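What follows is a single structure, written as structure tokens, with notes after it.
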Amino acid sequence: MGISYFNSLTRQVEPFVPLDPAGKTVSIYTCGPTVYNYAHIGNFRAYVFEDLLQRHLEFRGYTVDRVMNLTDVDDKTIRGCHAAGLPLAEFTQPFKDAFFQDLEALRIKPADHFPAATEAVHIARMIEMIATLIERGHAYQADDGSVYFRINSFPAYGRLAHLNLDELRPSGRVNSDEYEKENIADFALWKAWSEADGDVVWESPWGRGRPGWHIECSAMATGILGPQIDIHCGGEDNIFPHHEAEIAQSECVTGHSFVKLWMHCKHLLVENQKMSKSAGNFYTLRDLLGKGHTGREVRYALLSVKYREPLNFTFEGLDAARSALARFDEWSRRLQDAAGPAAEPLPEDLKTEAFGAALDDDLNASAALGALFELIRETNKRLDAGTLTPGQARSLLAWRDEVNSILRFESEAVAIPAEVEALLARRAEARASKDWAGSDRLRDEIAALGWTVKDTKEGQKLSKI
Ligand SMILES: [Zn+2]
């Protein structure tokens, strides 16, 4: 059975077939953060979902070429830098740095390309695309000096968001980057300089100004990945107007169908409520780490619900993540202790395929986790009964490593302090010379530093208390 994913454009689950005639490489474009603030956990739900998507494709043998952009000029970043009294680049840099730290804490695989909208090569491409759109009658410069996309020149406009343009009756123009479907109108490609922009300004054939948010993504996506992309993803709030505009701009310039598969994850609620600063339930990753939760616990909580279901993020859920991960750790430890050197085939009733099959079925992460924990329960039972052979334990460890290449649930690497290492070495000497009293005393000293030591056939094994 192959992979199937839900396509937001057709609203159907479709078999996944890459554009690459060799069927090997998959291109993915994901709308990255707008660096005017720290990303919040709603943003990270989308980024963790996209990480799962990439790792699932790699698990199934594809090579992924992925772009995640950084929006470092738009209405929000400009407002932010003026409020902070800083030049734009100085204002956005700490949020870019923080974003990369957060990705690492959440174990999200870095994209192959992280273009930023303000890089000269991308600004040049935006200007080039806008010139082509004007030339072909898809855009025009209005009295206010800004350049707008003429939406009635592109009959497919509205298809992704499933808009009925007759009912919505688009009219006029809209200059802001974000707006509601009710205000649908010709949108800005190039915004003429206004006082509010301050020193955020570039020269263009239409006078001084700056790009609109939507053209940034079209330019970076087609500039790096070419006119056609396998998968474009983001949060569902990106569908309108952002992705709708990306399709119109890109297709009118390249003449190709822009994206084969559109994937969007649903929104996130916090304790059953919409997250907002005023409701006091607005969390960045740093907030959660500050409360003593770990990156992998947050990753688990964000992964555990299928991407097309709304996720209700709760502190109870984070506690549940902690105990699920403790079970995963304990199972890994037991397998390691039980494993022999050579792998043996697993009996048929240990169903290792169920995990991958659940992900093949439109990335059903909750079913995949269900399959994993079912297997953990079953193998623990056999470990208790002594019916799991050392060879089977070795095979299960190899399977765990495969599964974990997608999940990245391994425990944080715990460095053994030098002091403990030294005691451990002295204890090994004491045991070699059969000084059992000395060995026990050293065990107590090690315990006082927060570690337990177990004696096994392979020697002393250390674990954190
Ligand atoms: Zn975008």
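Between rounded, prolate and oblate, where does the stretch 252-343 land on the alpha carbon gyration tensor, with a ≥ b ≥ c its root eigenvalues, rounded for a/c under 1.5, else prolate if a/b exceeds b/c?
Values: a/c = 2.94, a/b = 1.30, b/c = 2.26.
Here the stretch 252-343 falls in the oblate category.
If you stretched the chain out fully between Ala89 and Glu135, how much longer would it get, using 0.36 nm times the residue separation minus the C-alpha to C-alpha distance?
Gain on stretching Ala89 to Glu135: 13.3 nm.
Along the three principal axes, how long is the chain when you take its alpha carbons, biggest first, rounded to the nearest angstrom?
93, 52, 40
Which cross-chain or sequence-distant (5 or more) residues have an amide H under 5 Å from the amide H of Ile229, H modelled 1.01 Å from N in plane?
Counting only residues 5 or more places away or on other chains, the set is Val259, Lys260.
With r as the distance between the Cβ atoms of Asp143 and Lys381 and R0 = 56 Å, compute the FRET efficiency 1/(1 + (r/R0)^6) and round to 0.05. Write down the numbers at each step before the final one.
Details: r = 75 Å, r/R0 = 1.34.
Efficiency for this residue pair is about 0.15.
Please compute, for the alpha-carbon atoms of the stretch 334-392, the extent along each of the three principal axes and give them in descending order in Å.
36, 21, 19
Mark the label point 7 Å from the Cα of Lys457 along Cα→Cβ and return the residues of the stretch 378-414 whose backbone N is within less than 11 Å of it.
390-391
In whole Å, how far is the Cα centre of the stretch 62-132 from that of the stretch 231-259?
Between the Cα centres of the stretch 62-132 and the stretch 231-259 lies a distance of 18 Å.
Kindly identify the stretch 25-143 as rounded, prolate or oblate by the Cα gyration tensor criterion: order the square roots of the eigenvalues as a ≥ b ≥ c, call it rounded if a/c is under 1.5, otherwise compare a/b with b/c, prolate if a/b is larger, else oblate.
Cα axes put the stretch 25-143 in the oblate bin.
7 Å from Cα along Cα→Cβ at both Gln12 and Leu165: what's the point-to-point distance in nm?
2.3 nm
Which percent, nearest 5, of DSSP beta bridges in the stretch 170-301 are antiparallel?
On the way: 6 of 14 bridges.
In the stretch 170-301, approximately 45 percent of DSSP beta bridges are antiparallel ones.
If you average 1/r across every pair of different Cα atoms in the stretch 92-213 and take the reciprocal, what Kirkwood value do you get, in Å? Present the calculation step by step, with values, prior to reporting the outcome.
Numbers: mean 1/r = 0.0599 Å⁻¹.
Its Kirkwood hydrodynamic radius stands at 16.7 Å.
With Kirkwood's inverse mean 1/r over C-alpha pairs for Rh, give me the Rg to Rh ratio of the stretch 333-438, two decimals please. List each step's numbers first, then the result.
On the way: Rg = 18.6 Å, Rh = 16.4 Å.
That ratio is 1.13, to two decimals.
Tyr179 to Asp401: extension gain in nm, 0.36 nm per residue of separation minus the Cα-Cα distance? Could the numbers behind the result be given before it?
Values: separation 222, 0.36 × 222 = 79.92 nm, distance 4.52 nm.
Computed gain between Tyr179 and Asp401 is 75.4 nm.
If I take R0 = 22 Å and measure r between the Cβ atoms of Ser411 and Thr389 in this structure, what FRET efficiency does the formula 1/(1 + (r/R0)^6) give, to the nearest 0.05? Walk me through the intermediate numbers first.
Numbers: r = 26 Å, r/R0 = 1.16.
That pair, Ser411 with Thr389, gives E of 0.30.
Report the calculated FRET efficiency for Ala354 and Ala418 (r = Cβ-Cβ distance, R0 = 56 Å), to the nearest 0.05. Display every interim value, and only then the final one.
Numbers: r = 44 Å, r/R0 = 0.79.
E(calc), rounded to 0.05, equals 0.80.
Output wanted: per-residue J couplings in Hz (rounded whole) for the stretch 264-272, from phi through Karplus 6.51 cos²θ - 1.76 cosθ + 1.60, θ = phi - 60°, x for Gly and Pro.
Once θ is set to phi - 60°, the couplings for the stretch 264-272 become 10, 9, 6, 6, 10, 10, 10, 6, 6 Hz.
Nearest 500 deg cm²/dmol is fine: what mean residue ellipticity at 222 nm does the chain get from its DSSP H runs of n ≥ 4 alone, each adding -39,500 (n - 2.57), divided by its residue count?
It comes out at -14000 deg cm²/dmol, rounded to the nearest 500.
Rounded if a/c is under 1.5, else prolate if a/b beats b/c, else oblate: with a ≥ b ≥ c from the C-alpha gyration tensor eigenvalues square-rooted, which is the stretch 164-240?
Details: a/c = 2.09, a/b = 1.12, b/c = 1.87.
Because a/c hits 1.5 or more and a/b fails to exceed b/c, the stretch 164-240 counts as oblate.
For the chain, give me the percentage of DSSP beta bridges that are antiparallel, rounded to the nearest 5 percent. Walk me through the numbers on the way to the answer.
Working: 23 of 47 bridges.
Rounded to the nearest five, the antiparallel share is 50 percent.
Going through the cross-link list Lys109/Lys461; Lys76/Lys96; Lys24/Lys260; Lys181/Lys306; Lys76/Lys277; Lys434/Lys454, which pairs have a Cα-Cα distance over 22 Å in this structure? Please report the intermediate quantities before stating the final value.
On the way: Lys109/Lys461 31 Å; Lys76/Lys96 15 Å; Lys24/Lys260 16 Å; Lys181/Lys306 27 Å; Lys76/Lys277 16 Å; Lys434/Lys454 16 Å.
Over 22 Å apart, Cα to Cα: Lys109/Lys461; Lys181/Lys306.
For the stretch 363-414, what are the per-bin percents of Cα-Cα distances with bins 5 Å wide, up to the bin holding the maximum?
With a bin width of 5 Å, the distribution comes to 5, 17, 24, 24, 18, 11, 2.
DSSP loop chymotrypsin sites (Phe, Trp or Tyr not before Pro) in the stretch 228-331 with at most 11 other Cβ atoms within 10 Å of their Cβ, which ones?
Details: sites: Phe258, Trp262, Phe282, Tyr283, Tyr300, Tyr307, Phe313, Phe315, Phe328, Trp331; in loops: Phe258, Phe282, Tyr283, Tyr307.
Sparse-neighbourhood loop chymotrypsin sites (Phe, Trp or Tyr not before Pro): none present.
If I model a spin label at Glu344 and Ala124 as a point 7 Å from the Cα along the Cα→Cβ vector, what separation in nanometres do I get?
The two pseudo-label positions are separated by 6.4 nm.
Any read-out appearing in this document is the output of simple, stated calculations on the displayed coordinates, not a laboratory observation. The shown structure was predicted, so the numbers you read here are calculated from the model rather than taken from an experiment. Because the Cβ atoms are built from the backbone with ideal geometry, glycine has one as well, and the counts that use them run over all protein chains shown.
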